[in-house]
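Report on one structure; see the data block that follows.
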Amino acid sequence: MGTPSGDELDAADPADVAMLGGKGAGLARMAQAGLRVPGGFIISTRACRQYLDGGGIPAGLSQEVASRLAALEEQAGQTLGAGPVPLLLSVRSGAPVSMPGMMDTILNLGLNRAAAVALARSAGDTRFMADLLLRFHRMYAETVLDALGDDTALDGLAGRAREDDDPGEVYDTLWAACQQAVKEDTGQTVPADPGEQLSSAIQAVFRSWNTRRARTYRDFHDIPHDLGTAVVVQSMVFGNLSQDSGSGVVFTRNPLTGEPGLFGEFLRHSQGEDVVAGTRTPDPVSALAAPMPAVYEELSLTCAGLERWYGDVLDIEFTVERSTLYFLQVRKAKRTPEAAVRIAADLIREDTVGPGAALGMLTSDQVRQVQRPGFAPDDVAAARAAGRLLTTGTGACPGQASGILALDSDRARELAAAGRPVILARPTTSPADLHGMIAAQGILTATGGTTSHAAVIARALGKSCVVGCGGVVIRPGDRVLEVGGRRLAEGDDVSVDGATGEVFLGALAQSTARGTGADLDALLSMARSAAAAELFGRVTLPGDVEAARRAGVSGLVTAIDDMLAATGHLDGLIAALLEQAEIGPAGLQALEDTIAAQFTPFLAAADGLDVGVRGIDFLADESREVLHQTALITRHPELSMPLGAPALVEAQIAGLARAAAAAGQPERVHFTVRHLSDAREAAALQEIGDRVAGRTGTAVPLGGYLTSPRGVANYERVARASQVAWIEVRVLQAAVFGLPARLLLSQQPLDEYLRQGMLSADPRVAIDPSVDRLLAAVSALARDIPSCRVGLRLTGTVAGPLLARLHELGFRRFAVESHEARPAALALGQAATAGAPD
């Protein structure tokens, strides 16, 4: 339809996620597949954008909502706000991109006196009606009126209602008490008119798109702010109606480990908010099999079918009303990095998906996370023996983290901003804690299960998380945590293990990464094969080579100044240069000998791998302090030019040639000089190389590191005089933006600058159009100059979109930090298989 409001669930186009939102699209898909989905309709993201842009309800929306509501009433045989069986509604958000727990929901909407009395009589239970009334009033007051809604006296008032109490009297008493509490808090009251309730709820969900927590979440996950949220309006089904009712969340596989089989939780006699809020600890979903075997079997079969249909692991919300199963949401499940790897590999083995889809299930960040180190086993054993194990809860997101205890999110952010690692401990978390969860290294909560807010968001953030810590009492106001007779103050060191659920007193030492496993190796092998690219890993010392080799690199890059610094020889070279009046061959024999000695074992360790060695760069922005740049360039200004000191370049090439010959690897080593930009420089470098070959008997392939727009623009002429060329993308991007190159290796101040909208693109992630044009020209020229091998040098964390674009331009040779080799291989494989049929 062309109207702002969208469609009924059984008529909407499930493929139109941008308009229907993820929740609406999933519900439409299930409804049209014949699954039992409560009737309803979807208000599109377009209506939300119009509302936010115009500051009011879009023209025609109210009339269309009324029309959709009338159709829903007819379909259900119920009426909003009236008996004999009243229609109650849920009003839920549904963004095009999953944002779990970030926006608002209102349940049980439509209660006024007539509806409440009719509901109690049709259900035969006044206490049930009182529970719904309190839930609705609180959710509406909190969401629409910004009331606190935590008056525990109201809980007691609702809890005193009995099944056979007069529903009118109970309604009058509870409604009046709720209204008084909200009026004292906000000066407003909740309307009794269901139509006004619905209109205000829809607008509140629209507004929740721009709450602080929602914007923070989108900033963290790089989700655009202009998408808007859809609103899903559905008939209520009641998991809190009876003992053969309940609510649950189920995953089609374990989102923590990837193990096949249903994984999730079910809470009898509850509404869905009870499960995800973490205020009650639910039972495993398997506990549903004994009291309701038919329901459990239907749930199992439907989940298996949906997983095959979607070709991915799913997160499914459901409600059971008097032994009848209803499906309320389906979406692709958040999962831990370890689970993501196993799931992708298993689905390939099961022939459920093809290579492209399997690679698409992983992210580069997940690959990075599985490489993270964990607690040292000996330290853990010692902590247990010393009685420092405080408690064991439920591991909700694997990973180990140590830090100082913070008991509220504002404090966690303050401590993290000061450079302190933080463990955020809360009774439960809510969307208001998002900024603290982002700042923390680890999270623990006193209550809740693996589908609680804390667990779901921790998995989305990749944070170590432990929930349901029995016996833990957290009092944020007093700044203390008590467990097992111990009293911890905010600021004490604690450690959490998100896999085992253990919480320790004190910090634990970290060990090296446990390894990535056969599943990840197989997936990355598939990615490398699809990408058909060479990946070089940056290393410095011989001991670094084996780790790079295990990461799957086909070559190595290093730098002579890095090697000299790491082995303690750089200061001596700088001191010698500062003493010399001029730089000539006589004073550089020691440098040649040192390079030969240090690189011989390095090249021997690199046996079978190509090695690129960059010459000393005395202008390196990131090493200016180590290189004593000011003093050195003042003493020898010629060092600011790539070939300003030919004797120094010759000594480096000669030392490397001797090392290559000694290691038996002369054909696999090449040498480059940084900042070349002219064909004459490239020709002069070749002349130096020829002299070295004449006296050492070993010819080393030579070329340049191109770092400037001029150098890249002159690529054809430089390449015809070279055997190899590397283009430094970060430095080139920085030059185009007019920024120091080191700035592109940090978060601030670029993050804040981008947040303010001062740049249209992030130079760390997206290639500037002018750079894109230069690189496209190089790629085209490279095919005509096969004698010069061209590659791209990427420093720091490699952005997937940037790699994808470079692969699209035709580049197949990349150099990255060694720890980025696996994430880069995945990104290149994803780029190669994007759009390919599975």
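The values are calculated or read from the model by the stated rules, or taken from the named source; none is laboratory data. The model shown is predicted, which means the values in this text are computed figures rather than measured ones. Don't worry about glycine lacking a Cβ; one is built from the backbone with ideal geometry, like all the others, and counts go over all protein chains shown. The protein model used for the area step is the full one, side chains on, heavy atoms only, and it has no ligands, DNA or RNA in it. Shrake-Rupley method; radii C 1.70, N 1.55, O 1.52, S 1.80 Å.
If VAL771 passes every condition in (1) more than 21 Å from SER529 (Cβ to Cβ); (2) open to solvent by 40 Å² or more (accessible area, probe 1.4 Å); (3) more than 23 Å from the chain's Cα centre (by Cα) but one, which one does it miss?
Checking VAL771 against (1) more than 21 Å from SER529 (Cβ to Cβ); (2) open to solvent by 40 Å² or more (accessible area, probe 1.4 Å); (3) more than 23 Å from the chain's Cα centre (by Cα), the one that fails is (2).
Mind listing just one residue for me: the one in the range 215-243 that is among the charged types (D, E, K, R) and touching a helix residue (DSSP H, G or I) at 6+ places or on another chain (Cβ under 9 Å) and, of those, most open to solvent (accessible area, probe 1.4 Å)?
My answer is ASP226.
Residue-wise test of (1) under 29 Å from ASP219 (Cα atoms); (2) open to solvent by 40 Å² or more (accessible area, probe 1.4 Å).
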{"residue": "ALA439", "(1), (2)": "yes, no"}
{"residue": "GLY442", "(1), (2)": "yes, no"}
{"residue": "THR450", "(1), (2)": "yes, no"}
{"residue": "VAL472", "(1), (2)": "no, no"}
{"residue": "ARG479", "(1), (2)": "no, yes"}
{"residue": "LEU505", "(1), (2)": "no, yes"}
{"residue": "PHE536", "(1), (2)": "no, no"}
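Just give me the residues in the range 190-210 being surrounded by fewer than 16 Cβ atoms within 10 Å (Cβ to Cβ) and of a type in the set (S, T, N, Q), in sequence order.
ASN210
Among the candidates VAL91, VAL97, which residue alone is β-branched (Val, Ile, Thr), modelled with pLDDT under 95 and either under 40 Å from the mean Cα position of the chain (by Cα) or over 22 Å from GLY239 (Cβ atoms) (or both)? Write out each step before concluding.
Values: VAL91 fails: modelled with pLDDT under 95.
Criteria check complete, one pass: VAL97.
Checking the structure you have, find out if any residue of the range 507-528 is under 30 Å from ARG384 (Cβ atoms), outside any helix (DSSP H, G or I), open to solvent by less than 30 Å² (accessible area, probe 1.4 Å) and hydrophobic (A, V, I, L, M, F, W, C).
yes
Check the range 158-174 and report whether any residue there is in a helix (DSSP H, G or I), of a type in the set (Phe, Trp, Tyr) and under 38 Å from the mean Cα position of the chain (by Cα). I'd like the intermediate steps shown before the answer.
First, pick out the residues of the range 158-174 that are in a helix (DSSP H, G or I): 158-159, 167-174.
Adding the requirement that they be of a type in the set (Phe, Trp, Tyr) leaves 171.
Those still in the list that are under 38 Å from the mean Cα position of the chain (by Cα) too: none.
No: zero hits.
With (1) among the polar types (S, T, N, Q); (2) modelled with pLDDT of 90 or more; (3) more than 28 Å from GLU73 (Cα to Cα) as the list, and THR216 as the residue in question, which single condition is left unmet?
(2)
Here is a yes/no grid of residues against (1) modelled with pLDDT of 95 or more; (2) touching a helix residue (DSSP H, G or I) at 6+ places or on another chain (Cβ under 6 Å); (3) open to solvent by 50 Å² or more (accessible area, probe 1.4 Å); (4) within 30 Å of ARG212 (Cα to Cα):
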position	(1), (2), (3), (4)
TYR715	yes, yes, no, no
ALA721	yes, yes, no, no
TRP726	yes, no, no, no
ALA734	no, yes, no, no
GLN748	no, no, yes, yes
MET758	no, no, yes, yes
PRO763	no, yes, no, yes
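Which of the residues spanning the range 389-415 are in contact with a helix residue (DSSP H, G or I) (Cβ under 7 Å, 6 or more places away or on another chain), small (Gly, Ala, Ser) and at pLDDT 90 or above?
Hits for the range 389-415 are ALA406, SER409, ALA412.
Which condition breaks for GLY796 when tested against (1) over 26 Å from ALA821 (Cβ atoms); (2) assigned to a loop (DSSP other than H, G, I, E, B); (3) in contact with an Asp or Glu (Cβ under 9 Å, 6 or more places away or on another chain)?
It fails just one condition, (1).
Regarding the range 574-583, can at least one residue be identified that is modelled with pLDDT of 90 or more, out of contact with any Ser or Thr (no Cβ under 7 Å at 6 or more places or on another chain) and farther than 21 Å from ALA620 by Cα?
Checked against the condition, which is being modelled with pLDDT of 90 or more, out of contact with any Ser or Thr (no Cβ under 7 Å at 6 or more places or on another chain) and farther than 21 Å from ALA620 by Cα, the range 574-583 yields no hits at all.
So is ARG411 over 12 Å from VAL496 (Cβ atoms) and under 24 Å from the mean Cα position of the chain (by Cα) or not? First the steps, then the outcome.
Numbers: over 12 Å from VAL496 (Cβ atoms): yes; under 24 Å from the mean Cα position of the chain (by Cα): yes.
When the stated conditions are applied, ARG411 passes them.
In the range 577-599, how many are open to solvent by less than 40 Å² (accessible area, probe 1.4 Å) and within 49 Å of the chain's Cα centre (by Cα)?
Count: 7.
For the range 155-174, which residues satisfy the criterion of being at pLDDT below 90 and surrounded by 19 or more Cβ atoms within 10 Å (Cβ to Cβ)?
Answer for the range 155-174, where residues must be at pLDDT below 90 and surrounded by 19 or more Cβ atoms within 10 Å (Cβ to Cβ): ALA158, ALA161.
Counting just the residues of the range 548-573 that are touching a helix residue (DSSP H, G or I) at 6+ places or on another chain (Cβ under 7 Å) and among the β-branched types (Val, Ile, Thr), which one comes out modelled with the highest pLDDT?
Among them, the one singled out is VAL553.
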